[in-house]
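*Asks:* Pasting a structure here, questions to come.
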Amino acid sequence: MSIKLFDSELKVMNLLWERGDMTAKELSDCLLKDVGWNINTTYTVIKKCIQKEAIERIEPNFLCHPLVSKHEIQEQETRALIDKLFNGSSNLLFANLLHKKKLTDQQLEKLNEIIGDKE
């Protein structure tokens, strides 16, 4: 399933992924504190996530439960980024990352480990 989540929707989803199921009121309280959203903004974003089938609403108390994992969204967004900016080439993405940033020996070692796991 492919779900396009916007930054505002990701704020809601990140809370659910980090803390588990929360009521809409709990989400609203957190987002008021963290980003200054009023209750109407939070409920509107939750409603959009429900419409996209990213969140399930469970009664009573308008409990919000994520229907997609953070890993699924990360994979989907990574594929979209590679397709959009690097013509579908993972090689170009990695080359760009390696060229633009000086990596520490520890970071290079970790990358080699990841590559070794894939072979």
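Residues are listed down the side, and each one gets a yes or a no for (1) modelled with pLDDT under 95; (2) closer than 23 Å to LEU15 by Cα; (3) within 21 Å of the chain's Cα centre (by Cα); (4) exposed (fewer than 10 other Cβ atoms within 10 Å of the Cβ):
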{"site": "THR44", "(1), (2), (3), (4)": "no, yes, yes, no"}
{"site": "ILE58", "(1), (2), (3), (4)": "no, yes, no, no"}
{"site": "PRO66", "(1), (2), (3), (4)": "no, yes, yes, no"}
{"site": "LEU85", "(1), (2), (3), (4)": "yes, no, yes, no"}
{"site": "SER89", "(1), (2), (3), (4)": "yes, no, no, no"}
{"site": "ASN96", "(1), (2), (3), (4)": "yes, no, no, no"}
{"site": "LEU111", "(1), (2), (3), (4)": "yes, no, no, no"}
{"site": "ILE115", "(1), (2), (3), (4)": "yes, no, no, no"}
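*Asks:* Now for a different question. Could you tell me which of the residues GLU53, GLU77 is part of a loop (DSSP other than H, G, I, E, B), of a type outside the set (Val, Ile, Thr) and under 19 Å from ILE3 (Cα atoms)?
*Replies:* Unique residue meeting the criteria: GLU53.
*Asks:* Out of all the residues in the stretch 10-25, which are more than 9 Å from the chain's Cα centre (by Cα) and surrounded by 18 or more Cβ atoms within 10 Å (Cβ to Cβ)?
*Replies:* The answer is VAL12, LEU15, LEU16, MET22, ALA24.
The values are calculated or read from the model by the stated rules, or taken from the named source; none is laboratory data. Quantities reported herein were computed from a predicted structural model and do not represent experimental measurements. Note that we place each Cβ from the backbone using ideal geometry, even for glycine, and neighbour counts take in every protein chain shown.
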